Amino acid sequence: MTTVTLHYFALLREQRGRSSESLTTGAATAGELYDELARRHGFTLPVTHVRVAINGEFAAWDTTLRTGDELVFIPPVAGG
Amino acid sequence: MTFRISPEPLDPAALAGQLLDLRAGAYVEFQGRVRNHNEGRAVNALEYEAYAALAEKEGARIVAEAAARFPILGAACVHRVGRLELGELAVWVGVTSAHRAAAFEACRAIIDETKARVPIWKKEHYADGASGWINCATAGPAAAATATPPAAH
């Protein structure tokens, strides 16, 4: 099990109902964690529409999670 | 060469002043403003949210890429966050160069890449009381018709 911190933005913040949390998970990768949380909280965005950042930088979905990691799931961006 | 997220209103004259450069024969500026409609719906206001730390990091990379690609002298981009009313300035890009072509092209590249890559999100508040996050409609039959494929990163 690993314990990570999550920060939520935009649609995912609204669907989660909070902007951050600390979580202990059996998910091995960032992608597995998104799947787990999407099921639990009813996230509507498929993982193919979302990117992930780990410790302040874009990362691959198959990145192995380590205790202390800070994750942000990034919904489709819409600046401008 | 800077990129910044700002919770405060943008002052284009002050921003332009930071790019004064006597070597620059050209100064090109882009102002993105809050529009009163989108895809046939009347819009009352916008709400921007950013993952500021990564937005500023990715934005700085975009400005640096433009400086590497085009012979420019200076470039800066600032993007607002928070609730914006119609007509308000949401994003500002300024570029200086010796001659105009580089400034036009770099300015265009910076705003295009910013829209495609920087973790900033936009919620539209419609005149009919509804609201929605742009590019995030993927659930339900109504949304299916307007769902956008993932951006090419």
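GNM on chain B, alpha-carbon springs under 10 angstrom: the most fluctuating residue among B:Ala53, B:Ala76, B:Ala103 is B:Ala53.
Just to confirm a number: summing +1 for Lys and Arg and -1 for Asp and Glu over residues other than A:Arg16 whose beta-carbon lies under 15 angstrom from that of A:Arg16, what do you get? Numbers along the way, then the final one.
Values: positive: A:Arg13, A:Arg18, A:Arg39, A:Arg40; negative: A:Glu14, A:Glu21, A:Asp35, A:Glu36, B:Glu49.
Residues near A:Arg16 contribute -1 overall.
Within 10 Å of each Cβ in B:49-56, how many Cβ atoms from other chains are there, averaged over the peptide?
Numbers: counts 7, 4, 9, 0, 6, 6, 2, 0.
If you average over the peptide's residues, the count of other-chain Cβ atoms is 4.
The calculated FRET efficiency for the pair A:Val47 and B:Ala26, based on their C-beta separation and a Förster distance of 35 Å, comes to about 0.20.
May I ask for the Rg/Rh ratio of the protein assembly as shown, computed from Cα atoms with Rh as the Kirkwood radius, given to two decimals? Provide the component values of the computation, followed by the final result.
On the way: Rg = 19.1 Å, Rh = 18.9 Å.
Taking Rg over the Kirkwood Rh, I get 1.01.
Gap in Å between the Cα centre of segment B:3-21 and the Cα centre of segment A:1-52? So the separation of the two Cα centres works out to 35 Å.
Annotation for chain A: trypsin sites (Lys or Arg not before Pro) lying in DSSP loop with at most 16 further Cβ atoms inside 10 Å of their Cβ are A:Arg18, A:Arg66. Carbon-plus-sulfur fraction of the accessible area of segment B:2-128, 1.4 Å probe, in percent? Here carbon and sulfur together make up 53 percent of the probe-accessible area. Mind checking the log10 I(q)/I(0) for chain A at q = 0.16, 0.24, 0.25 Å⁻¹? Debye, one equal scatterer per Cα, no solvent, two decimals. Reported log10 I(q)/I(0), two decimals: -0.52, -1.26, -1.39. Under a Gaussian network description of chain B, with springs only between Cα atoms under 10 Å, the residue in B:Glu29, B:Glu39, B:Glu58 that fluctuates furthest is B:Glu39. Solvent exposure of the protein assembly as shown amounts to 48 Å² per residue of accessible area, where only protein heavy atoms count and the probe is 1.4 Å. Straight-line reach from B:Lys57: which aspartates and glutamates have a Cα under 14 Å away, not including same-chain ones fewer than 8 places off? Reachable aspartates and glutamates: A:Glu57, B:Glu65, B:Glu113. Of all DSSP beta bridges confined to segment A:2-74, the antiparallel ones make up roughly 80%.
The values are calculated or read from the model by the stated rules, or taken from the named source; none is laboratory data. Being a predicted model, the structure only gives us computed values, none of them experimental. Note: ideal-geometry Cβ built from the backbone for every residue, glycine included; neighbour counts use all protein chains shown. Quick note on the areas: whole protein, heavy atoms, side chains included, nothing else; ligands and nucleic acids left out. Shrake-Rupley method; radii C 1.70, N 1.55, O 1.52, S 1.80 Å.
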